[in-house]
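> Got a structure here, written out as structure tokens. Questions coming.
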Amino acid sequence: MKTDTDSQTEKLRWFSGWLEKFINYEAVKNTGGFSLETMRLLAEKAGNPQDGFHSIHVAGSKGKGSVSAMLAAILTAGGRPCGLYTSPHLQTFLERVTGPDGFFPDSVYEEAARFTAGCAEQFVQEAAPGIHAPSWFELVTLFAMRTFCTAGLPWAVFETGLGGRLDATNILHPQACVLTPVELEHTEYLGSTLEKIAAEKAGIFKSGVPVFSAAQKPEVQAVFRAQAARCNAPLYFLPDAVSRLRTRFTGRILDAEVSFRALPGGARFRQPLRFSLRMPAAVQAENAALAAYACKTLFPETDESVIGQALSGCFLPGRFEILPGTPPVVLDGAHTENSMRSAVQTFCRLFPPGKSGKGKVRRLLFACAADKNVQRMSALFRGKFSGITLTCPGGKKPGNLAAAEAAFRKNCALPGDGLRIIPEWNTAIRQTTGEARQEGAPLLITGSFYLVAEAKNILCRPPDPEIPD
């Protein structure tokens, strides 16, 4: 039976194919550096659609997709219908560009696609010497902005793709900026120190625009404070506003209660904020608190119950996603040390080893991109899994399987064939999940959104036909 998504996918197949003409830096290394010049000129050619709605801009190293989804949910629940732009997608291209009720009607996507393609073709033909053709991500960003304008949405939340300062989304003039925790990541593009990476993230700060930040390491805080001072931008850190955050698991749901101190501008929570998260990793409660902090400060009239209900209904694929069925298979796109630590802790807490028989083992399927710190991540799995399979992250992102194997053999020595290497990710996914089912063993698939996407396409029926990446 055809679904609404199937229909949308078919109607946009031409657009996805057209996009493939342009370079995609999510799959190909950028050796020439990034610039906002092309994106600014392209947006100007398109009538500056980024000015057609109010926006919140989100950057950071981990949790930015979840925080973006939470912000959009709260805004919509508070009477401000909101679009959401996130990346990457797992199954369908349209996951990146959604509205208050999920996917937009066919007509909205179709209009935005045809406008984007026409505008880009004309831009390429008329571009002055030295102006690069737009990239795949720049065109998708423009498509999202046009989609939100076509749909008539008053608000949109945009997640940065890479860094912030030179990211295509940084042509926005937002009403607020939100920063999730900063870690060492994408060092070949963003710099080799936390300070350099923080400076790239802080590149989204705008003059006079309030900034809401999660807890950060001291060196990151210092960079943020200096940039905020240069921009005359009010800067608020979440730990200064939260007096208590409590969480507990109820089955596979994370119940949370957050008590806030007085907020900037006189806003206040009249009572503790309570919500139950379908994304049960403990760090998601902090993400939710950050989103609530920003929205309540911006819109003090938003009732606590509205915020709590919005957070309780929020879900983003691939963020500690527990697939239906027994034994449990968990998909988590964690790919930094701290996000991986949270995923492992949550998995082990939800699925403790049994005392006898089935359930006494846990299995892991892991892959990561070549630029990740696999030495530090592999140590997080020591003593927690009885079976570990290493593979490649998929066909779109190169990995370093030899480095991963060396790290895991050093940090997670297992007897016999407890540690296996299966280079073909399709084989690794099918074989590992099949064995986990036979053993009744919970399985965690993690290390890369690309691996998680491949796993979801194999383990869950993808839309047919699927839009190619």
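> For the structure I just gave you, tell me whether Pro218 is closer than 21 Å to Cys295 by Cα and either at pLDDT 95 or above or within 18 Å of the chain's Cα centre (by Cα) (or both).
Criteria not met by Pro218.
> Please enumerate the residues belonging to region 127-172 that are in contact with a strand residue (DSSP E or B) (Cβ under 8 Å, 6 or more places away or on another chain) and over 29 Å from Phe224 (Cβ atoms).
Phe143, Thr147, Ala151, Leu153
> Something else about it: Against the definition (within 25 Å of the chain's Cα centre (by Cα) and surrounded by 15 or more Cβ atoms within 10 Å (Cβ to Cβ)), how does Ile429 come out, yes or no?
yes
> Out of all the residues in region 137-148, which are over 12 Å from Thr38 (Cα atoms) and open to solvent by less than 10 Å² (accessible area, probe 1.4 Å)?
Answer for region 137-148, where residues must be over 12 Å from Thr38 (Cα atoms) and open to solvent by less than 10 Å² (accessible area, probe 1.4 Å): Val140, Thr141, Phe143, Ala144, Met145, Thr147, Phe148.
> Could you tell me whether any residue of region 291-309 is out of contact with any strand residue (DSSP E or B) (no Cβ under 7 Å at 6 or more places or on another chain), touching a residue at least 12 places away in the same chain (Cβ under 8 Å) and more than 30 Å from Ile74 (Cβ to Cβ)?
no
> List the number of the failed condition for Val330; all other conditions in (1) closer than 24 Å to Met377 by Cβ; (2) open to solvent by 50 Å² or more (accessible area, probe 1.4 Å) hold.
(2) is the only condition that Val330 fails.
> Another question about this same structure. Looking at region 435-454, which of its residues are open to solvent by less than 30 Å² (accessible area, probe 1.4 Å) and more than 17 Å from the chain's Cα centre (by Cα)?
Across region 435-454, the qualifying residues are Ala436, Gly440, Ala441, Pro442, Leu443, Leu444.
> While we're here: Take the conditions buried (at least 17 other Cβ atoms within 10 Å of the Cβ), touching a Leu at 6+ places or on another chain (Cβ under 7 Å), in contact (Cβ under 8 Å) with a residue 24 or more places away in the chain and farther than 22 Å from Ala72 by Cβ and apply them to Leu190. Does it pass?
no
> Only strands (runs of 3 or more DSSP E) wholly contained in region 252-363 count here; list those with 2 or more residues that are small (Gly, Ala, Ser).
Qualifying strands (runs of 3 or more DSSP E): 253-260.
> Continuing with the same structure: Check Ala133, Ala151, Ala113 and return the single one that is at pLDDT below 95, of a type outside the set (Val, Ile, Thr) and surrounded by fewer than 24 Cβ atoms within 10 Å (Cβ to Cβ).
Ala133
> How many of the residues in region 273-298 are in contact with a helix residue (DSSP H, G or I) (Cβ under 8 Å, 6 or more places away or on another chain) and closer than 12 Å to Leu245 by Cα?
11
> Can you find even one residue in region 260-280 that is within 30 Å of Pro317 (Cβ to Cβ), modelled with pLDDT under 95 and of a type in the set (A, V, I, L, M)?
Yes, region 260-280 contains a residue that is within 30 Å of Pro317 (Cβ to Cβ), modelled with pLDDT under 95 and of a type in the set (A, V, I, L, M).
> Turning to a different aspect of this structure: Looking for something in a loop (DSSP other than H, G, I, E, B), open to solvent by 40 Å² or more (accessible area, probe 1.4 Å) and touching a Lys or Arg at 6+ places or on another chain (Cβ under 9 Å) - is there at least one such residue anywhere in region 234-247?
No, region 234-247 has no match at all.
> Among the listed residues Leu71, Leu75, Leu42, Leu84, which satisfies the condition of being modelled with pLDDT of 95 or more, crowded, with 18+ Cβ neighbours inside 10 Å and not in a helix (DSSP H, G or I)?
Of the residues listed, the single one that is modelled with pLDDT of 95 or more, crowded, with 18+ Cβ neighbours inside 10 Å and not in a helix (DSSP H, G or I) is Leu84.
> Also, quick follow-up: Considering only region 379-404, state which residues are within 18 Å of Pro415 (Cα to Cα) and open to solvent by 50 Å² or more (accessible area, probe 1.4 Å).
Of everything in region 379-404, those that are within 18 Å of Pro415 (Cα to Cα) and open to solvent by 50 Å² or more (accessible area, probe 1.4 Å) turn out to be Arg382, Gly383, Lys384, Ser386.
> Only one residue in Arg341, Arg376, Arg349, Arg409 is under 22 Å from Arg278 (Cβ atoms), free of Cβ contacts under 8 Å to residues at least 40 places away in the same chain and surrounded by fewer than 24 Cβ atoms within 10 Å (Cβ to Cβ), so which one is that?
Result of the check over Arg341, Arg376, Arg349, Arg409: Arg341.
> Also: Could you list, in sequence order, the residues of region 153-176 that are in contact with a Lys or Arg (Cβ under 9 Å, 6 or more places away or on another chain), in a loop (DSSP other than H, G, I, E, B) and of a type in the set (D, E, K, R)?
Arg165
> Step by step: first the residues of region 87-102, then only those that are within 16 Å of Val67 (Cα to Cα) and in a helix (DSSP H, G or I), then the one that is most open to solvent (accessible area, probe 1.4 Å). Which residue is that?
Glu95
The values are calculated or read from the model by the stated rules, or taken from the named source; none is laboratory data. Remember, predicted model here, so these are calculated numbers, not experimental data. We place every Cβ from the backbone using ideal geometry, glycine too, and count neighbours over all the protein chains shown. The area values use the complete protein model at the heavy-atom level, side chains included, leaving out ligands, DNA and RNA. Shrake-Rupley method; radii C 1.70, N 1.55, O 1.52, S 1.80 Å.
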